[in-house]
Amino acid sequence: MSTYTLRAANPAKTRCDAVVVGVVQGGKGASGPGIAPGGEDVAKAYGRAFRPLLSSLGVTGTAGEVTKVPTGKQLSSPLLVLVGLGRLDKGEQPSATAVRRAAGAASRAVANTASVALALPTDSVELVRAVTEGFMLGSYAYTAYKKKADDDSTQQPGEVVVLCSSARKKDVGRAFEEAQVVSEAVAATRSWVNTPPGDFTPPAFAAAVEAAVKDTTKGRGPKVSVRVRDEKELLELGCGGILGVGMGSAAPPRLVELSYAPRKAVAHLALVGKGITFDSGGLTIKPPSGMNEMKSDMAGAAAVVQATLAIARLGLPLKVTTYAPMAENMVSGSSVRPGDVLTMYGGTTVEVLNTDAEGRLVLGDALVMAAEQKPDVILDVATLTGHMVVALGDKVAGVMGSPDVVDDVLRAAETAGEEAWPMPIPEHMDERIHSSRVADLSQHDWIRWGGGLFAAAFLREFTGGLPWGHLDIAGPAFNSGGPSGHLTSGGTGYGVATLVDYARALCNVGG
Ligand code: BES
Ligand code: ZN
Ligand code: MN
């Protein structure tokens with residue numbers, strides 16, 4: 001564990017093992033790469049030798065570029081790390097996104113130092129947040145199953161000092177503290193997603209949530225209540241979607257409910273997350289290549305739970321009710337079959353036609369429960385469809401639902417530094433979801449095109465007409481490539497920061 005402090009100090013005179021500064025590529029009206037805001041004192045310490053130094057090291061300032069330089073006696077710290085921020089026109093400020101990514105890249109370059117000072121751009125609260133989140137998330141590593149967890153790539157510096165000239169300002173200090181709360185929630189989400197699925201069955205996931213709630217609320221922590229419903233209770237309640245999907249697994253399904261209800265709440269937000277702890281596809285089995293990353297099919301549930309705990313830790317004046325339906329979608333003699341009809345919580349019947357479209361079944365039950373609470377708005381987060389990955393790629397979430405809610409979610413994603421894009425729910429989808437000859441709804445209709453939009457239209461049936469937003473995070477929830485910027489391999493924790501920013505904005509409107 002690293003400790004983070006915020007300080008106003010001269011980076012050239014700060015005594016740490018390493019000091020990190022940003023370099024920008026020369027944009028319009030600039031000659032060659034130059035030092036980014038925050039690093040001026042370091043450039044000054046080198047004086048006229050700084051530009052030739054950059055040039056002979058081949059430093060260009062391209063985003064993601066990291067260069068390590070021994071400082072000799074030029075700075076109080078023995079190592080200078082130059083990190084690229086990308087192209088910037090003269091007079092322009094670096095964006096929070098560029099700074100977040102650069103801080104992440106730098107974090108992996110100083111993994112085996114004991115202390116590091118970050119002299120990156122911190123001229124605004126957004127940038128202080130970006131530096132802190134970028135560094136904390138970039139240095140995330142999942143080591144629970146490594147015999148030897150101490151190789152260079154998984155070490156973290158003991159002490160991280162974020163340098164900022166306005167460190168003593170109240171809003172800056174608050175942004176710094178809040179960034180740490182959000183980053184811890186993102187990191188916890190990543191670890192849940194990264195846990196091998198055999199060790200993270202629905203009962204194990206539910207127990208992990210209970211432990212996380214206990215940890216958050218202990219001592220002087222906020223009040224969050226948790227309730228875990230087992231398969232017997234789900235049967236009594238009539239949660240046919242969750243039970244139907246879970247039927248083929250040796251591990252029984254669960255439904256986890258969280259509630260954070262501060263006395264001065266100005267609005268009520270309901271969150272619902274898809275918690276398929278492993279998605280084999282069921283009898284409509286996936287091809288091997290499609291099954292590889294399916295331990296990540298609970299990323300939506302992990303994100304809504306961790307966002308709820310972060311909102312509570314931040315003390316936002318908002319009531320949050322969260323539902324995480326958990327099931328394992330497996331192949332066995334007791335699996336749900338194509339052609340079976342499930343009766344969902346609330347009584348709607350659904351004809352199952354493809355057991356691999358299981359997410360919408362567990363979400364249906366949970367959305368009806370969420371709607372029963374009459375919240376001001378419902379958001380669901382789900383690794384729902386491969387169609388969304390085809391449409392938007394593996395870094396961008398699709399956002400659907402009530403137009404106003406979609407707008408607000410997109411705005412929150414923007415401030416959170418997560419990529420999202422609006423998608424429609426076309427009128428004709430309504431006909432398609434009502435095309436079953438035997439049940440109220442068809443779960444699937446074998447027309448491949450627009451499958452992500454069909455899924456959203458299906459979910460909408462369970463939202464009771466309330467304001468609702470749906471985030472399909474099938475692409476961005478998991479990074480199958482190597483680390484890049486603040487993203488590491490495996491679970492990304494996508495959605496947590498967007499949900500927290502959405503909650504913040506809701507408090508400002510409501511109060
Ligand atoms: N969990 C998958 C969606 C998914 C795909 C997540 C790729 C992450 C990466 C989901 O349960 C699924 O299998 N969806 C089907 C829906 C189809 C049968 C209508 C799909 O995308 O093919
Ligand atoms: Zn799935
Ligand atoms: Mn599936």
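The values are calculated or read from the model by the stated rules, or taken from the named source; none is laboratory data. As the structure is a prediction and not an experimental result, all values here were calculated from the model. For neighbour counting, all protein chains shown are included, and Cβ atoms are generated from backbone atoms with ideal geometry for every residue, glycine included. Only protein heavy atoms, including side chains, enter the accessible area calculation; ligands, DNA and RNA are left aside. Shrake-Rupley method; radii C 1.70, N 1.55, O 1.52, S 1.80 Å.
Got a number for residues in region 435-464 being more than 17 Å from PRO424 (Cα to Cα) and not β-branched (Val, Ile, Thr)?
Of the residues in that region, 13 qualify.
Working carefully through the options THR60, THR71, find the one that is over 28 Å from the mean Cα position of the chain (by Cα) and either open to solvent by 10 Å² or more (accessible area, probe 1.4 Å) or not assigned by TED's automatic domain parsing to the domain that holds PRO121 (or both). Break it down into steps so the answer makes sense when it comes.
Details: THR71 fails: either open to solvent by 10 Å² or more (accessible area, probe 1.4 Å) or not assigned by TED's automatic domain parsing to the domain that holds PRO121 (or both).
Matching residue, one of THR60, THR71: THR60.
What's the total number of residues in region 398-414 that are surrounded by fewer than 17 Cβ atoms within 10 Å (Cβ to Cβ) and touching a residue at least 60 places away in the same chain (Cβ under 8 Å)?
The number of residues fulfilling the criteria is 2.
Could you please find all residues in region 26-52 being surrounded by 15 or more Cβ atoms within 10 Å (Cβ to Cβ) and under 12 Å from LEU75 (Cβ atoms)?
Just the residues of region 26-52 that are surrounded by 15 or more Cβ atoms within 10 Å (Cβ to Cβ), to begin with: 26-27, 30, 33-43, 45-46, 50-51.
Residues satisfying the conditions are GLY39, ASP41, VAL42, ALA43, ALA45, TYR46, PHE50.
Is it the case that region 340-352 has a residue that's of a type in the set (Phe, Trp, Tyr) and either within 16 Å of ligand 3 (Cβ to nearest atom) or assigned to a strand (DSSP E or B) (or both)? I'd like the intermediate steps shown before the answer.
Of the residues in region 340-352, the ones of a type in the set (Phe, Trp, Tyr) are 345.
Of the ones still in play, those that are also either within 16 Å of ligand 3 (Cβ to nearest atom) or assigned to a strand (DSSP E or B) (or both) are none.
No: zero hits.
Is there any pair with a first residue in region 154-171 that is crowded, with 16+ Cβ neighbours inside 10 Å and a second that is modelled with pLDDT of 95 or more and aromatic (Phe, Trp, Tyr) whose Cβ atoms are under 7 Å apart and which are 6 or more apart or on different chains, and what are they?
VAL160/TYR4; VAL160/PHE135; VAL162/TYR4; VAL162/PHE176
Starting from residues that are more than 22 Å from TRP446 (Cα to Cα) and part of a strand (DSSP E or B), keep the ones in region 324-339 and report whichever is farthest from ligand 3 (Cβ to nearest atom). Talk me through it step by step, then tell me what you get.
Kept after step one, since they are more than 22 Å from TRP446 (Cα to Cα), are these residues of region 324-339: 324-328, 332-334.
Subset that is part of a strand (DSSP E or B): 324-328.
Details: ALA324: 17, PRO325: 14, MET326: 15, ALA327: 11, GLU328: 11 Å.
Out of the qualifying residues, it is ALA324.
From SER489, SER484, SER480, which residue is surrounded by fewer than 22 Cβ atoms within 10 Å (Cβ to Cβ) and without any contact (Cβ under 8 Å) to a residue 12 or more places away in the chain? Lay out the reasoning, then the answer.
Details: SER484 fails: without any contact (Cβ under 8 Å) to a residue 12 or more places away in the chain; SER480 fails: without any contact (Cβ under 8 Å) to a residue 12 or more places away in the chain.
SER489 is the lone residue from the list that is surrounded by fewer than 22 Cβ atoms within 10 Å (Cβ to Cβ) and without any contact (Cβ under 8 Å) to a residue 12 or more places away in the chain.
List every residue pair whose Cβ atoms lie under 9 Å apart, where the two residues are 6 or more positions apart in sequence or sit on different chains, the first residue falls within region 292-303 and is open to solvent by 10 Å² or more (accessible area, probe 1.4 Å), and the second residue, located anywhere, is within 13 Å of ligand 3 (Cβ to nearest atom) and among the basic types (Lys, Arg).
Here the result reads MET294/LYS286, each pair linking region 292-303 to a residue that is within 13 Å of ligand 3 (Cβ to nearest atom) and among the basic types (Lys, Arg).
Inspect region 272-282 for any residue being open to solvent by 10 Å² or more (accessible area, probe 1.4 Å) and either assigned to a loop (DSSP other than H, G, I, E, B) or away from ligand 1 (no atom under 14 Å from the Cβ) (or both) and give the result as yes or no. Lay out the reasoning, then the answer.
Taking region 272-282 as the starting set, the residues that turn out to be open to solvent by 10 Å² or more (accessible area, probe 1.4 Å) are 278.
Now drop any that are not either assigned to a loop (DSSP other than H, G, I, E, B) or away from ligand 1 (no atom under 14 Å from the Cβ) (or both), which leaves none.
The answer is no, given that none of the residues of region 272-282 is open to solvent by 10 Å² or more (accessible area, probe 1.4 Å) and either assigned to a loop (DSSP other than H, G, I, E, B) or away from ligand 1 (no atom under 14 Å from the Cβ) (or both).
Would you be able to tell me the number of residues in region 310-334 that are within 16 Å of ligand 1 (Cβ to nearest atom) and either not assigned by TED's automatic domain parsing to the domain that holds GLY238 or not small (Gly, Ala, Ser) (or both)? Break it down stepwise before answering.
Within region 310-334, the first condition is being within 16 Å of ligand 1 (Cβ to nearest atom), and the residues that meet it are 324-331.
Add one more test, that the residue is either not assigned by TED's automatic domain parsing to the domain that holds GLY238 or not small (Gly, Ala, Ser) (or both), and what stays is 325-326, 328-331.
The qualifying residues number 6.
Among the listed residues THR322, THR308, identify the single one that is touching an Asp or Glu at 6+ places or on another chain (Cβ under 8 Å), modelled with pLDDT of 95 or more, open to solvent by less than 10 Å² (accessible area, probe 1.4 Å) and among the polar types (S, T, N, Q).
Numbers: THR308 fails: touching an Asp or Glu at 6+ places or on another chain (Cβ under 8 Å).
Criteria check complete, one pass: THR322.
Out of (1) over 26 Å from VAL181 (Cα atoms); (2) in the same structural domain as HIS486 (by TED's automatic domain parsing); (3) within 16 Å of ligand 3 (Cβ to nearest atom); (4) not in a helix (DSSP H, G or I), what's the single condition that is false for LEU363?
Against the list (1) over 26 Å from VAL181 (Cα atoms); (2) in the same structural domain as HIS486 (by TED's automatic domain parsing); (3) within 16 Å of ligand 3 (Cβ to nearest atom); (4) not in a helix (DSSP H, G or I), LEU363 comes up short only on (4).
Please tell me if SER435 is open to solvent by less than 50 Å² (accessible area, probe 1.4 Å) and hydroxyl-bearing (Ser, Thr, Tyr). Lay out the reasoning, then the answer.
Working: open to solvent by less than 50 Å² (accessible area, probe 1.4 Å): no; hydroxyl-bearing (Ser, Thr, Tyr): yes.
Against the criterion (open to solvent by less than 50 Å² (accessible area, probe 1.4 Å) and hydroxyl-bearing (Ser, Thr, Tyr)), SER435 does not qualify.
When you look at SER76, is it at pLDDT 95 or above, more than 18 Å from ALA130 (Cα to Cα) and not in a strand (DSSP E or B), yes or no?
Details: at pLDDT 95 or above: yes; more than 18 Å from ALA130 (Cα to Cα): yes; not in a strand (DSSP E or B): yes.
Criteria met by SER76.
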